[in-house]
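The values are calculated or read from the model by the stated rules, or taken from the named source; none is laboratory data. Please read these numbers as outputs of a predicted model, since none were measured by experiment. No Cβ is skipped: glycine too gets one built from the backbone with ideal geometry, and neighbour counts run over all protein chains shown.
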Amino acid sequence: MLTFNDMEYPAIRIEYARLYLLPVETRVPLKFGAETLTHVTCARVELGCHASGTTGSDSTVHVGWGETPLNVQWVWPSAIPYVEREHALVAFTRTLLDEWVRVTEAGHPVDLGHRFLTHTLPVVRERFNRDERAGAEPLPELAALVCCSPFDLALHDAYGKAVGKPVYECYGPLDMPHDLSEYFGSTEFAGRYVADYLRTPAGPGDPSDPSIPAWHLVGGRDAVEQGELTGEEPDDGYPVLLEDWIRTDGLRCLKVKLTGDDAKWDLQRLMQVGRVARENGVEWLSADFNCRVTEPAYVNDILDSLQSQDPETWDSLLYVEQPFPYDLEANRIDVHSVAERKPLFMDESAHDWKIVRLGYELGWNGVALKTCKTQTGALLSLCWARQHGMQIMVQDLTNPMLAQISHVQLGYYAGTIMGVETNGMQFYPEASTPEATVHPGLYRRRDGQVDLSSCLGLPGFGYRTEDIDRQLPRPELERRNHG
């Protein structure tokens, strides 16, 4: 129990942590900027937490789970070898396990998560770069957030289980000792809580409206038309051509990966996908420039050309995603001219709400959230952005297994501009077979949507791990809190 301003609140404290590493192979390559993803290691975290101020015994251990793919190409674009970067990500994740079990405070997961992100994570990353990466390229902030996210997600899951409520019913004044002014340092948020900025589909815990639109990723190496097939495509029963994916999954939303450094190719790709989309009943497109653009004129010229040469595709373009470099503080580009043409969404740059605030000042009018940057960070960024009139989207990190469940729930409750991006079923559908037997609507897109009915209304994230027949390897690390 946590007492604050003469009121008592449920609180949890970490008892132990376990880390599992799960390798996944892609069925087809996924191009990220200048690199291509063919496999990924997923970090799965198990946190055992004691709770106080709940209906159960204080001695009960409530187990929370969190999972994130350690997507090297996305979090750490670099010329240094992939293996070196992957090794550093895994090593840093192991380091964070030791740091999380040193957290001795009891509290709400947003409080504990915010403290860790604000005070602990920067210090640990600096020490890791000094001691483990001395003389080498330092581990970036985005990579550190991704390594931290499974621990933070597991903390939120454990709290929901401790209080017997879905995670998204745990963000109001009955659970949170502090309003949002505690985190933002502004009276603008006095008396306001995370719950005030969430979409409530049909009432707390009500699964009567369990589906949201799903976005399909058209990668830079994906075959859009028959003539692009090379003969090396997998023959595994899943679609290969874009139109086959559209018809099989009933898709209505397509995200188009572009180069960001070949304007002619980018424009032609948008027009090509736009034509295939129209022919097959797709309603919406988005354009992802992969953070490789350095001048707004590059994007503006493509958008203006698209509007004049292909007005139907222009009309279907719902938003533009992250054309400019990851480090917004080092690249303070005024983007008002782009945002005036189409909604412009931060993604890789949006490490936390402070960077979202900087982006807003530079002209960005939307933010794409990801659970891989931590649940706590995503929620705080969502609240700041909504308070200031920015639009919201939830983007994928090609999430398989448990990572898909928390990811899609964020899209469901965030009140996005249009549904959620979800592409794990494109790139490694078999990786989630055990989870899909329990949550079939989350790992298969039907009528252009994903269905969350199997996880809504349940404590925590509703993973139902006890029903999922997944054989986990021995934990890489296990630590207990001796505080």
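Under the condition of being surrounded by fewer than 21 Cβ atoms within 10 Å (Cβ to Cβ) and hydroxyl-bearing (Ser, Thr, Tyr), which residue from segment 275-312 is farthest from residue 418 (Cα to Cα)?
Result: 294.
Among the residues of segment 298-323, write down those that are closer than 19 Å to residue 364 by Cα and either in contact with a strand residue (DSSP E or B) (Cβ under 9 Å, 6 or more places away or on another chain) or without any contact (Cβ under 8 Å) to a residue 12 or more places away in the chain (or both).
299, 302, 303, 317, 318, 319, 320, 321, 322, 323
Going residue by residue through segment 282-289, is there one that turns out to be in contact with a Ser or Thr (Cβ under 8 Å, 6 or more places away or on another chain), modelled with pLDDT of 95 or more and over 21 Å from residue 322 (Cβ atoms)?
yes
I'd like the full set of residues that are touching a Gly at 6+ places or on another chain (Cβ under 7 Å) and of a type in the set (Phe, Trp, Tyr), limited to segment 123-156.
Across segment 123-156, the qualifying residue is only 151.
Check off (1) surrounded by fewer than 19 Cβ atoms within 10 Å (Cβ to Cβ); (2) in contact with a Leu (Cβ under 7 Å, 6 or more places away or on another chain); (3) β-branched (Val, Ile, Thr) for residue 320 and give me the number that stays unchecked.
(1)
Is one or more of the residues making up segment 389-401 farther than 24 Å from residue 318 by Cα and touching a residue at least 12 places away in the same chain (Cβ under 8 Å)?
Within segment 389-401, one or more residues are farther than 24 Å from residue 318 by Cα and touching a residue at least 12 places away in the same chain (Cβ under 8 Å).
Return the residue satisfying two criteria in turn: it lies in segment 130-145 and is aliphatic (A, V, I, L, M) and part of a loop (DSSP other than H, G, I, E, B), and of such residues it is surrounded by the most Cβ atoms within 10 Å (Cβ to Cβ).
139
Out of the strands (runs of 3 or more DSSP E) lying entirely within segment 1-78, which hold 3 or more residues that are modelled with pLDDT of 95 or more and surrounded by fewer than 20 Cβ atoms within 10 Å (Cβ to Cβ)?
Those strands (runs of 3 or more DSSP E) span 11-32.
Run down 415, 411, 424 and say which single residue is under 15 Å from the mean Cα position of the chain (by Cα), in the same structural domain as residue 377 (by TED's automatic domain parsing) and surrounded by fewer than 21 Cβ atoms within 10 Å (Cβ to Cβ). Show your work before the answer.
On the way: 411 fails: surrounded by fewer than 21 Cβ atoms within 10 Å (Cβ to Cβ); 424 fails: surrounded by fewer than 21 Cβ atoms within 10 Å (Cβ to Cβ).
When all the criteria are applied, what remains is 415.
Report whether or not residue 408 is in a strand (DSSP E or B), within 15 Å of residue 216 (Cα to Cα) and of a type in the set (A, V, I, L, M, F, W, C).
For residue 408, the condition - in a strand (DSSP E or B), within 15 Å of residue 216 (Cα to Cα) and of a type in the set (A, V, I, L, M, F, W, C) - is not met.
Kindly indicate whether residue 155 is buried (at least 22 other Cβ atoms within 10 Å of the Cβ) and in contact with a Leu (Cβ under 7 Å, 6 or more places away or on another chain). Spell out the reasoning first.
Working: buried (at least 22 other Cβ atoms within 10 Å of the Cβ): yes; in contact with a Leu (Cβ under 7 Å, 6 or more places away or on another chain): yes.
Yes; evaluated as a whole, the condition is true for this residue.
Residue-wise test of (1) modelled with pLDDT under 95; (2) surrounded by fewer than 20 Cβ atoms within 10 Å (Cβ to Cβ); (3) closer than 20 Å to residue 418 by Cα.
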{"residue": "181", "(1), (2), (3)": "no, yes, no"}
{"residue": "196", "(1), (2), (3)": "no, yes, yes"}
{"residue": "202", "(1), (2), (3)": "yes, yes, yes"}
{"residue": "209", "(1), (2), (3)": "yes, yes, yes"}
{"residue": "228", "(1), (2), (3)": "yes, yes, no"}
{"residue": "234", "(1), (2), (3)": "yes, yes, no"}
{"residue": "246", "(1), (2), (3)": "no, no, yes"}
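Select, from 127, 94, the only residue that is surrounded by fewer than 19 Cβ atoms within 10 Å (Cβ to Cβ), modelled with pLDDT of 95 or more and either touching a Leu at 6+ places or on another chain (Cβ under 6 Å) or not in a helix (DSSP H, G or I) (or both).
Of the residues listed, the single one that is surrounded by fewer than 19 Cβ atoms within 10 Å (Cβ to Cβ), modelled with pLDDT of 95 or more and either touching a Leu at 6+ places or on another chain (Cβ under 6 Å) or not in a helix (DSSP H, G or I) (or both) is 94.
Answer with yes or no whether residue 218 is β-branched (Val, Ile, Thr), closer than 21 Å to residue 419 by Cβ, modelled with pLDDT of 95 or more and not assigned by TED's automatic domain parsing to the domain that holds residue 60. Spell out how you get there, then give the answer.
On the way: β-branched (Val, Ile, Thr): yes; closer than 21 Å to residue 419 by Cβ: yes; modelled with pLDDT of 95 or more: yes; not assigned by TED's automatic domain parsing to the domain that holds residue 60: yes.
When the stated conditions are applied, residue 218 passes them.
Return the pairs, sorted by first residue and then second, in which the second residue is of a type in the set (Asp, Glu) and in a helix (DSSP H, G or I), the first residue lies in segment 259-276 and is farther than 15 Å from residue 222 by Cα, the beta carbons are less than 7 Å apart, and the residues are 6+ apart or on different chains.
263/301
Would you check if there is a residue in segment 445-456 being over 30 Å from residue 281 (Cβ atoms), touching a Leu at 6+ places or on another chain (Cβ under 8 Å), of a type in the set (D, E, K, R) and in contact (Cβ under 8 Å) with a residue 12 or more places away in the chain?
No, every residue in segment 445-456 fails to be over 30 Å from residue 281 (Cβ atoms), touching a Leu at 6+ places or on another chain (Cβ under 8 Å), of a type in the set (D, E, K, R) and in contact (Cβ under 8 Å) with a residue 12 or more places away in the chain.
Got a sec? Which helices (runs of 4 or more DSSP H) wholly within segment 273-375 have at least 3 residues that are of a type in the set (Ser, Thr, Tyr)?
By residue number, 296-309.
Please work out if residue 403 is of a type in the set (A, V, I, L, M), under 28 Å from residue 72 (Cα atoms) and outside the structural domain of residue 149 (by TED's automatic domain parsing).
yes
Determine which member of the set 402, 442, 397 is within 18 Å of residue 69 (Cα to Cα) and within 10 Å of the chain's Cα centre (by Cα). Give the derivation first.
Numbers: 402 fails: within 10 Å of the chain's Cα centre (by Cα); 442 fails: within 10 Å of the chain's Cα centre (by Cα).
Going through 402, 442, 397 in turn, the sole match is 397.
Looking only at segment 284-311, which residues are of a type in the set (D, E, K, R) and touching a helix residue (DSSP H, G or I) at 6+ places or on another chain (Cβ under 6 Å)?
310
So which residues in segment 246-292 are polar (S, T, N, Q) and on the phi > 0 side of the Ramachandran plot?
290
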